[in-house]
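Working notes, beginning with the structure itself.
The values are calculated or read from the model by the stated rules, or taken from the named source; none is laboratory data. For clarity, every value in this text was computed on a predicted model and none was experimentally measured. Here Cβ is always computed from backbone atoms with ideal geometry, including for glycine, and neighbour counts include all displayed protein chains. Just the protein is used for accessible areas: all its heavy atoms, side chains included, with ligands, DNA and RNA removed. Shrake-Rupley method; radii C 1.70, N 1.55, O 1.52, S 1.80 Å.
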Amino acid sequence: MRRQSAIPPAPAANQATRNDWATLKTLLPYLWAYKWRVSLAMVFLVGAKLANVGVPLVLKKLIDGLSITPNNPQALLVLPLGLLLAYGGLRLCTTVFTELREFVFAKVTQRAVRTIALQVFRHLHALSLRFHLNRQTGGMTRDIERGTRGISSLVSYSLFSILPTLVEITLVLGYLVTHYNGWFAAITAVALCSYIAFTVTVTEWRTHFRRTMNDLDSKANTKAIDSLINYETVKYFCNEDYEAERYDQGLKRYETAAVKSQSSLSLLNTGQSTIIAVAVTLILWRATQGVIDHSMTLGDLVLVNSFMIQLYIPLNFLGVLYREIKQSLADMERLFSLLEQHREIADASDAKPLRHEGAEVRFSHVDFSYESKRQILFDVDFTIAAGTTTAVVGHSGSGKSTLSRLLFRFYDINDGQISIDGQDLRDVTQASLRRSIGIVPQDTVLFNDTIEYNIRYGKPDAGKEEVVAAAKAAYIHDFIETLPDGYETMVGERGLKLSGGEKQRVAIARTVLKNPAILIFDEATSALDSKAEQAIQAQLKEIARNRTTLVIAHRLSTIADAAQILVLEHGRIVERGTHAQLLAANGAYAQMWERQQARPDESDASPVDEDALLA
């Protein structure tokens, strides 16, 4: 049965600005998973602020008790030990409750950061190959770094700074309203409203500067990472100055945006300080007038002044905190937008693990396009019998490597069906499918770790003996033993410390260790010289014995004994048969064979994988 699939558009990075509330809504479930810790932290927060507001009240009683006034003609003649102890106790409680709040909430913050970062990491691995071919690694890693840091900053600023300040403002306003005339509360309220309105307005205006800086920073980082990854190419063409100029252009634009951001910050700080200074002056004027006309005591003056100082300090930072929160939200935008990237290839809701009984592979009338305007495969139909080897040959760009990507289900086909032992790949879980297939790719990329780590990657829980056995099977053990650090030798970024042949041997050993039911050799010996190729071909045949094997080949001499050879031209199978049958047919395969026999050097040239460029 043939099934059709729509060609999905290539996913583009989500550049739309998220609503701040949408970002917070995404974050809150991660925090609320620890609701008991959050609730307890809130209790400690309120306790700390109650103690903090109580300090000026005790100080007022202490000063009033020591002052000689008409209402208190005799000041305290003995040390007010109780008030002193209360003063010290409240100071201590403020610190203790604050530290308890941070102690209780620390796990919530760090676990939220860890959970989100892990979820993004897993989601990126779940996205299609199409997304990863289009991504810009440097910018994406910077987005993740800023986003996770933004989560910590947002929680810290909002719960440890903004919320406590709001609680304290509420308590102070409540006390002023109930104990003094309306002027104090009115001045304080007007100042707060003016301060908040000014801060929000200016900060909203400034936020686009931060977004611009983020975007320019990611682009500059992308250029830097890309240049360093391609270090040798830069050196080949003496383009160090060119790369530096490209990088500096990004830094220059970032500098311009940063200067604008800092200039607007100066305006914000000046306006905030002006509002606070006016408010404090008016309140102290009213308090001083109250002392003069005996409607207030010196203790009241000290109390009001202490309240203003306690409010002034956090209010002075409120604009900074709000700005940092807005910047944190801006930083988190791109992190959460990665989570919103569409998973082009997803398991069906009723997907089951792949069951293989011999692992027969069947391509049934498969059509496929990377892009809707250019079809790559046309009605490709063939079967690889269980335990046999099928080879695919053809010119570069004919669609050979696309077959392996479709078998791994990196993409879904547009029409037709691919099955293993009668099970459609779209009906089985991707994890079970990929565990059953091993590949030795044409372009081997290794992790920047040890040789042993890269071989063991085929089976992470393998013992050292298994790793060594796989290395021997790939004829690389003796080479590893000659290295000073042996299996602990670091291979460098993308394995650049090893030669092409050595990297490919590591890839072969890694696949041997995986021990899959289905094997794919995609130009598996393209990086080896003729002598090394002959030595390893016999071993590859031994590895492929009793396994279903797909060999994508350029050198026809390596697949002469395949049970079936397919000739692809422009995405269509134009010939099929054994080596002898195809030579006898005197068609495209015979012409390629004659050309390689006449020019043996041609078979030593590794072809460019144009299929990858089309992806």
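At 0.692 mPa s and 37 °C, plugging the Kirkwood radius over alpha-carbon pairs of the stretch 318-404 into Stokes-Einstein gives what diffusion coefficient in µm²/s? Mind showing how you got there, number by number?
Values: Rh = 18.2 Å.
Estimated diffusion coefficient is 180 µm²/s.
Helix 298-339 versus the longest principal axis of the chain: what angle, 0 to 90°, nearest 10, using Cα atoms?
10 degrees
Would you mind calculating the relative contact order of the chain from Cα pairs under 8 angstrom and at least 6 residues apart, reporting the percent as a whole number?
The value is 16 percent.
Quick one: accessible area per residue over the chain, 1.4 Å probe, rounded to a whole number of Å²?
The answer is 50 Å² per residue.
Taking each pair of distinct Cα atoms in the stretch 237-290 once, what is the resulting Kirkwood hydrodynamic radius in Å? Walk me through the numbers on the way to the answer.
Values: mean 1/r = 0.0664 Å⁻¹.
Mean inverse Cα-Cα distance, inverted, gives 15.0 Å.
Once Lys and Arg get +1 and Asp and Glu get -1 on their Cβ, which of 446, 540, 386 lies farthest toward the positive end of the dipole of the chain?
The one lying farthest along the dipole's positive direction is 446.
Give the peptides 394-403, 481-490 in descending order of average Cβ contacts within 10 Å, highest first.
Final packing ranking: 394-403, 481-490.
Could you give me D for the chain, from Stokes-Einstein at 4 °C and 1.567 mPa s, where the hydrodynamic radius is the Kirkwood radius over C-alpha pairs? Units µm² s⁻¹, please.
Result for D is 43 µm²/s.
What number comes out for the charge environment of residue 83, summing +1 per Lys or Arg and -1 per Asp or Glu over other residues with Cβ under 15 Å away? Numbers along the way, then the final one.
On the way: positive: 60, 61, 91; negative: 64.
Charge balance in the 15 Å sphere: +2.
How many percent of DSSP beta bridges within the chain run antiparallel, rounded to 5?
Once the DSSP bridges in the chain are tallied, antiparallel ones form about 50 percent.
Treating the beta-carbon of each Lys and Arg as +1 and of each Asp and Glu as -1, no other charges, what is the dipole magnitude of the chain about its Cα centre, to the nearest 20 debye?
Here the size comes out at about 1960 debye.
Could you work out [θ]222 nm for the chain from helices alone, using -39500 (n - 2.57) per DSSP H run of at least four and dividing by all its residues? Round to the nearest 500 deg cm²/dmol.
After summing the helix terms and dividing by residue count, I get -20500 deg cm²/dmol.
How much of the accessible area of the chain, in percent, comes from carbon and sulfur atoms when a 1.4 Å probe is used?
Working: 17910 of 30810 Å².
It is 58 percent, rounded to a whole number.
Once the dipole of the chain is set up with Lys and Arg at +1 and Asp and Glu at -1 on Cβ about the Cα centre, which of 292, 455, 103 lies farthest towards its positive end?
Value computed over the given set: 292.
How large is Rg over Rh for the stretch 440-590, taking Rg from the Cα atoms and Rh as the Kirkwood inverse mean of 1/r across Cα pairs?
1.03
Of the peptides 344-350, 537-543, how do they stack up when ordered by the mean number of other Cβ atoms within 10 Å, highest first?
Top of the packing list down: 537-543, 344-350.
If the cut-off is 19 Å between C-alpha atoms, which lysines fall inside it for residue 352, apart from same-chain ones fewer than 8 positions away?
Excluding near neighbours in sequence, the set is empty.
Hey, got the Cα dimensions of the stretch 376-492 along the principal axes, in Å, largest first?
For the stretch 376-492, the Cα extents along the three principal axes come out at 53, 32, 27 Å.
Normalising by the residue count of the stretch 349-494, find the relative contact order in percent from Cα pairs under 8 Å and 6+ residues apart.
Computed value for the stretch 349-494: 24 percent relative contact order.
Please arrange 464, 373, 326 by accessible surface area, largest first, computed with a 1.4 Å probe and ligands excluded.
Per-residue accessible area, sorted high to low, gives 373, 464, 326.
Top to bottom by accessible area (1.4 Å), largest first, where do 114, 505 land? Display every interim value, and only then the final one.
Values: 114 145, 505 40 Å².
Heavy-atom accessible area, descending, gives 114, 505.
Please give the charge dipole size of the stretch 542-593, origin at the Cα centre, charges +1 on K and R Cβ atoms and -1 on D and E Cβ atoms. Round to the nearest 20 debye.
Using Cβ point charges on Lys, Arg, Asp and Glu, the stretch 542-593 gives about 120 debye.
Could you please report the charge total around residue 350, scoring K, R as +1 and D, E as -1 over all other residues with beta-carbon less than 13 angstrom from its beta-carbon?
Spelling it out: positives minus negatives among the neighbours equals -1.
Calculate how steeply helix 464-473 sits against the longest principal axis of the alpha-carbon atoms of the chain, using the helix alpha-carbon long axis, and give the answer as 0 to 90 degrees to the nearest 10.
Helix 464-473 sits roughly 40 degrees off the main axis of the chain.
Can you give me the angle between helix 163-179 and the longest principal axis of the chain, using Cα atoms only, in degrees from 0 to 90, rounded to the nearest 10?
20 degrees
Which one, 29, 574, 53, projects farthest toward the positive side of the charge dipole computed for the chain from Cβ point charges (K/R +1, D/E -1)?
Highest projection toward the positive end goes to 53.
Let me cross-check residue 194: its accessible surface, 1.4 Å probe, with only protein heavy atoms counted, in Å² to the nearest 10?
Its accessible surface works out to 50 Å², give or take rounding.
Taking 0.36 nm per intervening residue step and subtracting the Cα-Cα distance, what contour gain separates residue 99 from residue 472 on full extension?
Separation in residues times 0.36 nm, less the Cα-Cα distance, equals 128.4 nm.
Over 18 Å between Cα atoms: which of 472/541; 235/503; 25/107; 107/326 fall into that group?
Checking Cα-Cα distances, 235/503; 25/107; 107/326 exceed 18 Å.
Sort largest first and round to whole Å: the equivalent ellipsoid semi-axes of the stretch 151-260, each the square root of five times a Cα gyration tensor eigenvalue.
Equivalent ellipsoid of the stretch 151-260: 52, 15, 7 Å, largest first.
Take 103, 198, 307 and sort them by solvent-accessible surface of the protein heavy atoms, 1.4 Å probe, largest at the top.
Putting 103, 198, 307 in descending order of accessible area: 103, 198, 307.
In nanometres, what is the gap between the two model label sites at residue 246 and residue 264, each 7 Å from Cα along Cα-to-Cβ?
3.0 nm
Net charge within 14 Å of residue 245 by Cβ-Cβ distance, Lys/Arg positive one each and Asp/Glu negative one each, not counting residue 245 itself?
0
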